[in-house]
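The structure appears right after this line, and notes come after that.
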C-alpha cells in the first residue's frame, strides 16, 4: 500500500469514527426527531396477549389526548402523531419496540406501555438513549428501585393501593371486624407487593391469614386456588389479579356459593363494561377495587376527557376504564413539561419533570427522585347497583363516599 | 388442607380434564392420520368459542344447542384448511413443514378474530354457568358436569366412528401405513380432509366449554396449544383414548399439586410425570404400537 493510499485510508477511518462519535453524542442527548412537522411519539402497547384489555384502553387514552392536544394547537405549535406498536404483552418485545422506536424511527418522545412488568422490561432501554419515560401503569415498586432517573409514573405508586382498605378493616370494632382473610396473587410486580403490605396491616390488627398463595401469571386453571380460598372459609378475600383471574375467581365463588364479607381485587373490577360483561351485572354488587380516578373526578380537564370518550366510543361514563385516564395523564404531564422547557431536549425534559408540578385528569402530579407521583391518592371503589362508587378514608379510617355519592359502603357484601 | 379439599381437586381435575381431552382428541387424530402437527388447534378452539358466543349473543341460541351449527361449520373450516394449506405440503419434511403452515393458519385466524371481535376479553354465559349441583358437601358446577358429559359422548362417538365405520377403517389404515393405504385404493386426500375436518369439529365443542369456563380473546389459543401438545404426547400421538387419559391425568396432577403444595409447582409436577412416562414409554401412555393393537 502506498503512503498516499495509507494516509487516505487513515483519514477516512478517522472521519468515520468522528461521525460515529457525533451520532453517539446526538443519541445520548436524546430526541432523534426532526424540528419541523408533527412531533412523533413512540409507544409500545399490549394490543394482544394477557394485558390486551388494559393495553387497548391505554390506546384509547393516548388517542383521546392526542386529538385534544392537536385541537388546541399541539405542543410548541406542532401537531403530535402517535406511533403505536404492539408488544403482545411480551417483556422481550416491549424492549425491542422501544429500541426500534428510538433508534430507527427517531421518535421525538416516548410514552410508557401498560403494566409494571413491561415498564420494568423497557425502562432500561429507554434510559440508555437518555429519553424521558413518562408512563401511567408502571407503579410497582420494582420500577423505582433500578436507579433510573428518567422514569416518571403519573399514577399512583401501587404498593399502597390496598392500604386504605386494610386500615378500614383494621379500624373496625373487634365485634364486627372480620376474623380471617385469604390472599391469592399472580406472581407479578404490580399485584404481589400490594397484598403483602395489606396482609401486614391486617395481621397486625388480628385478622388471621387462613390462605395465602402466589400463582404463576401464566396460570389458566384457577380452580384449585379458588377451592383453597373457599375451603379456608375466609371472612374476607384479597386477590392480586387482572381481569381474567378475578373473573375466574368470582365465577368459582358463585358456583360454590361462597360469600365472603368483603372482596377486593388489585385490578379487573376497574375495567367498567368489560368487567360487567364477564362476571354478569348481578355479581358485581359489593366488589371492590383500589384506584386513583373516577369518571366524575373534579380534576381539571376530566369532564372534557369523559365527554370526548363518550362522543368517540359511546356507552356510559361507568364504562370508561381507569386506564384511559392514566394514559391521558401521561400526555398531559409530558405536554406541560415540554411547553415549560420550550423545546424537546430530553435532558431538559427530565429535569423539568423532576422539579415541576403538573395537572392531570387524575389530579395533580409531582415526582420524587425515583419518579413516583407523590401527589397521588388511592380511592377504594365499590360496585354498587351497576356503578363504581369511590370512597376515601376519613380520620377514623372509615371509608366515606366521595361526593356526589352519598350511599355508605356495602359491608358485608350481599350474597351472590 | 383437608380430605374434602383433596377430593374436590381430584373431581375438578377429572371434569376439566374431560374438556381438554375433547380439544386434544382432534389434535392427536390429525397427527395419527396425517403425520402433521396442527399448531392452529388452540386458536381453532378459540374460534369455536367465538362461534358459540356469537350465536348466543346475536341469535339467543343456547351454547349447547348451538353446537348443532358450530360443529358442522368448524368441520367445513377444517376441510378448507386441509385443502388450502396442508394438502399442498411436500411429502418430504411434511411434519416439519406442517408446523409452519398451521402456525400461519393460526396467525390468520387470530388476525381475523381480532378484526371482528377486537381484543376485548369475553366469556360465554348461560344459566348453567353460575349454578352448581350440591351433592355430598361438594358444589359441582353444572357447566363442568355438562362439559364432561359432552366430552364423553363426543369422544365415544368419535371412537365408534373410527373403529366401527367404513370411513373409520380408512382412517385407521392411513394411520397404520399411509402409503400402504393408498396402494389398496384408499383415497388419502379424502381421508385427510375428513380427518382434519373432524379434528376441527372437535374444537367447536371444546371451545364452547372453554369459553363458558374462562375468559378468552383472539390471543388465548397460544396458552392452550402448549398444554394440548403436552397432553397428546403423554397420551401417545394418534391415540384418542390416550388423549382422554392424559388430559384427565394432567389436570388431576396439576390440581392436586396446587392443593397439596402450591400452584407454582403444578406445571412442574406434571412435566416431571411426563418425563418419567417418556423415559419408560417413549411413545407415550398409548403410543403408536398400542393404538395399532386395538
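Numbers for the structure displayed
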quantity	calculated
Conditions (1) under 22 Å from residue A:196 (Cβ atoms); (2) crowded, with 22+ Cβ neighbours inside 10 Å; (3) over 19 Å from the mean Cα position of the chain (by Cα); number of the one not met by residue A:235	(2)
Helices (runs of 4 or more DSSP H) fully within region A:240-340 counting 1 or more residues that are at pLDDT below 95 and in contact with a helix residue (DSSP H, G or I) (Cβ under 6 Å, 6 or more places away or on another chain)	A:243-255, A:273-279
Residues satisfying the stated conditions in region A:188-231, i.e. facing chain B (nearest Cβ under 9 Å) and in contact with a strand residue (DSSP E or B) (Cβ under 6 Å, 6 or more places away or on another chain)	A:213, A:214, A:225, A:228
Whichever residue in region A:182-204 is at pLDDT 95 or above and not in a helix (DSSP H, G or I) and, among such residues, is farthest from the chain's Cα centre (by Cα)	A:182
Residue B:243 being crowded, with 24+ Cβ neighbours inside 10 Å and either within 16 Å of residue B:30 (Cβ to Cβ) or more than 9 Å from chain A (Cβ to nearest Cβ) (or both)	yes
Condition check for residue B:90: assigned to a loop (DSSP other than H, G, I, E, B), away from chain A (no Cβ under 14 Å) and over 18 Å from residue B:29 (Cα atoms)	yes
Test: residue in region B:49-72 that is within 14 Å of chain A (Cβ to nearest Cβ), under 19 Å from residue B:224 (Cβ atoms) and either within 19 Å of the chain's Cα centre (by Cα) or assigned to a loop (DSSP other than H, G, I, E, B) (or both)	yes
Residue B:126 vs. criteria touching a helix residue (DSSP H, G or I) at 6+ places or on another chain (Cβ under 6 Å) and either within 22 Å of residue B:73 (Cα to Cα) or within 14 Å of chain A (Cβ to nearest Cβ) (or both)	no
Members of region A:55-105 that are free of Cβ contacts under 8 Å to residues at least 12 places away in the same chain, closer than 27 Å to residue A:293 by Cβ and more than 23 Å from the chain's Cα centre (by Cα)	A:70, A:71, A:72, A:73
Residue list for region A:167-187, restricted to those being without any contact (Cβ under 8 Å) to a residue 40 or more places away in the chain and either out of contact with any strand residue (DSSP E or B) (no Cβ under 8 Å at 6 or more places or on another chain) or crowded, with 21+ Cβ neighbours inside 10 Å (or both)	A:172, A:173, A:174, A:175, A:176, A:177
Residues being touching a residue at least 40 places away in the same chain (Cβ under 8 Å) and within 11 Å of chain B (Cβ to nearest Cβ) - total across region A:236-271	8
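For (1) under 23 Å from residue A:67 (Cα atoms); (2) buried (at least 24 other Cβ atoms within 10 Å of the Cβ), each residue gets a yes or a no:
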residue	(1), (2)
A:89	no, yes
A:108	yes, yes
A:112	yes, yes
A:128	no, no
A:132	yes, yes
A:135	yes, yes
A:142	no, no
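The values are calculated or read from the model by the stated rules, or taken from the named source; none is laboratory data. Please read these numbers as outputs of a predicted model, since none were measured by experiment. Using ideal geometry, Cβ is built from the backbone for each residue, glycine included, and neighbour counts are taken over all protein chains shown.
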